[in-house]
């Protein structure tokens, strides 16, 4: 079945999301539409990229992801469509797609080359028709002119040495959990059987848990989450209120000699 | 495929929306249900009518729109169903349907004539079964007794003379954009090649843009939006916080002699 | 058609809900997914149980309800699946399922016995695959080892004597209506033609309405709602702001001798 997912910053009190869905259904009523989220903060590319990166691979290969976040972009940003890790993406070339995967895209086109539409609502007028075509099996090369590259933004990088891993909080989720960009893999390669200290704000911890139940309610739990990223939480509590950590806060793991 | 859209003021923390959907599915599991919004402010007919007017025509003709906003209505308001611009609508006769189109309805019936249900949850108990029947191809005349008229409310009117168009803000959207009731058509007929001034609050502007990229981030952008209505925004900002405008504020366009 | 409903406390700004849906679709793209709510307050079992109890019977028998609320549970809580009133439920054995029905479950299994997955995201990794299997017709006994009982919590009880019914507010809904646990049936058995007084906070009322239109806008309306539970509201207003009542407040009905 052809699936189109929607990820927007349009909220749910307006007609915008329904207009995108209606356009898709009007072109091809057989398409299954799945919401990823419409609660991305307006124009918050980092938020949207985090969510999309975290979930797109869960969908079947060939799924089309329509991204209506900062859809108008900056001056000169084109509407684009691309294939990446066997998924399709349609949206503005505003830097977002460079943040969702470390792999190179398979195909990339500019949608501007086949549309002359001037619109203040590209999600409905440009992205939706392109998404339907892709979901219906039309190939990218029939939808626009090849583009060599899309816009990249410099993402927050993890620094890893034999002595220390330095990362940062890349997402405060709805539960108040603090998700960092420190991957399980880097930790496992470097930690071996060494003693280590996790440090953030004024706090120091000596243990990474494997299960929430290793702590009591209200205690700090540090674990590699379902994305295999280091996450700091308060079991049944709101870590973001209690630990003095926020988006972009530094988190380090230091290994003893 | 039979489509029923839902537009309610029920929010998403309760069982109400799911109960309506479950009722529809239980009667006919083949129906495609699409949410328009459940974030209409309680009993806010103007908000609901704006959203419905903005989006219903995007859906395929024959779509059934179930409207659970101020569903209990005032004393004497009947549950009704109507056909309008080849779409079907089911809801309370509370004045909302008079605000969504300037065309005359094609058919109108009272659902009260075939139901004796006394209910505090008409969306589930009256509107949902009627919507399913309509979506399944049963005709309006089989669902109730013809009604000559539905309740009309006086909508905010635009005043247009050769010298000036006077309108007002009819919706502050989730981005903080201020959408007015001034249509592109009236402006185009009256402006010709005249110089004009747009005025609201203490502000005066001399240009209507055609593209967000004609202004820099943080600047005021004034354009005819995807609904062809005059809209005032701050590019990548929140106009409602910055321009001293709110729902119902007056906006004028004055033409130079 | 196979239906899986989702009820979670995950909110809508993250990837969690989409990840659960994507997992379901990836296993069986023919399944119809319906959201009950994702706006349950984190780990709020009472809120989730109220909503689920209020709506699950509206869905067709055989529907599978995936409950991702307090999904990690307390130490020792197992992932379970059960059949109850001809519906299926999958979630954590955290006490929630004991609150949704007064009937005894038909079948109950532990999902832990067939999975060795250690996960911080059981909704996606354990509940979703189990829900798909149930929706696809696989029987509970093929999914895990029978369990004799699930965890029960003591629910707030209504006390009813010939002289008085004493209940409490069990849910403040999105409109600000106060829904109590006093059932219509108890009232009808005890009231006969007696004069009665409804009392809460400092207020006393002598009438239970059958219709919102028996009061004027802004007045207090007391009726048995669509769940046949006593509900206290302000017609077109927000009772929770005006009546000094909140979750857990006591409400009594006293019958005159």
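If each label sits 7 angstrom from Cα along the C-beta direction, how far apart, in nm, is residue A:203 from its counterparts in the other copies?
Those label-point separations list as 4.3, 4.3 nm.
Nearest-5 percent of antiparallel DSSP beta bridges in the protein assembly as shown?
Of those bridges, close to 75 percent are antiparallel.
Hull surface divided by four, with the convex hull built on the Cα atoms of the stretch C:140-257: how many nm²?
Approximately 10.0 nm², given one-decimal rounding.
If you take the C-alpha gyration tensor of the protein assembly as shown, multiply each eigenvalue by 5 and take the square root, what semi-axes do you get, largest first, in whole Å?
In descending order, the three semi-axes are 40, 40, 25 Å.
Based on alpha-carbon atoms only, what is the radius of gyration of the stretch B:127-182 relative to the globular estimate 2.2 N^0.38 Å?
1.90
Give the relative contact order (percent, whole number) for the stretch C:1-141; include only Cα pairs under 8 Å separated by 6+ residues.
Taking the mean separation of contacting Cα pairs over the length of the stretch C:1-141, I get 28 percent.
Please work out the ratio of the alpha-carbon Rg of the stretch C:180-227 to 2.2 N^0.38 Å and round it to two decimals.
Normalised Rg, Cα atoms only: 1.19.
Please order B:241, A:173, C:44, C:14 by the number of other Cβ within 10 Å, starting at the fewest.
The order, fewest Cβ neighbours first, is B:241, C:44, A:173, C:14.
Taking the 0 to 90 degree range and rounding to the nearest ten, how far is the long axis of helix B:45-55 tilted relative to the main principal axis of chain B, both from C-alpha atoms?
Relative to chain B, helix B:45-55 is tipped by roughly 80 degrees.
Between copies, how far does the label point of residue B:1 sit from its twins, in nm, shortest first, when each point is 7 Å from Cα along Cα→Cβ?
Result, one decimal in nm: 0.8, 0.8.
So what is the 222 nm mean residue ellipticity for chain A from helices alone, if each DSSP H run of at least 4 adds -39500 (n - 2.57) and you divide by all residues, rounding to the nearest 500 deg cm²/dmol?
Only helices count here, giving -4500 deg cm²/dmol.
Kindly identify the stretch B:207-257 as rounded, prolate or oblate by the Cα gyration tensor criterion: order the square roots of the eigenvalues as a ≥ b ≥ c, call it rounded if a/c is under 1.5, otherwise compare a/b with b/c, prolate if a/b is larger, else oblate.
oblate
Would you mind calculating the relative contact order of chain A from Cα pairs under 8 angstrom and at least 6 residues apart, reporting the percent as a whole number?
16 percent
So what are chain C's ellipsoid semi-axes, whole angstrom, largest first, if each one is the square root of 5 times an eigenvalue of the alpha-carbon gyration tensor?
Over the Cα atoms of chain C, the semi-axes work out to 38, 19, 16 Å.
Would you mind checking the tilt of helix A:16-27 against the longest principal axis of the Cα atoms of chain A, expressed as 0 to 90 degrees and rounded to 10?
Tilt of helix A:16-27: around 50 degrees.
How crowded by other chains is C:30-40, given as the mean number of beta carbons from other chains within 10 Å of each beta carbon?
4
Over the stretch C:135-237, what relative contact order in percent results from Cα pairs under 8 Å that are six or more residues apart?
Value for the stretch C:135-237: 21 percent.
By the gyration tensor of its Cα atoms, with a ≥ b ≥ c the square roots of the eigenvalues, what is the shape of the stretch A:6-85: rounded for a/c under 1.5, prolate for a/b over b/c, or oblate?
Because its axes are fairly even, with a/c under 1.5, the stretch A:6-85 counts as rounded.
In nm, one decimal, shortest first: how far is the label point of residue A:161 (7 Å from Cα along Cα to beta carbon) from the matching points in the other copies?
Result for residue A:161, in nm, nearest copy first: 7.7, 7.7.
Over the alpha-carbon set of the stretch A:1-45, work out the extent along each principal axis and list the three values in angstrom, largest first.
So the extents along the principal axes, rounded to whole Å, are 31, 19, 13.
Just rank C:96, A:84, fewest to most, by other beta-carbon atoms within 10 angstrom.
A:84, C:96
Is the stretch B:2-154 rounded, prolate or oblate when judged by the Cα gyration tensor, a ≥ b ≥ c being the square roots of its eigenvalues, rounded requiring a/c under 1.5 and prolate requiring a/b larger than b/c?
Rounded is the answer for the stretch B:2-154, as its axis ratio a/c remains below 1.5.
Within a 10 angstrom radius of the beta carbon, how do C:189, B:20, B:25 rank from fewest other beta carbons to most?
C:189, B:25, B:20
Quick note: the coordinates plus some simple rules give every number you see, no bench work behind them. Every value quoted in this text rests on a predicted model; they were computed, and no experiment measured them. Neighbour counts run over all protein chains shown; Cβ positions are idealised from the backbone, glycine included.
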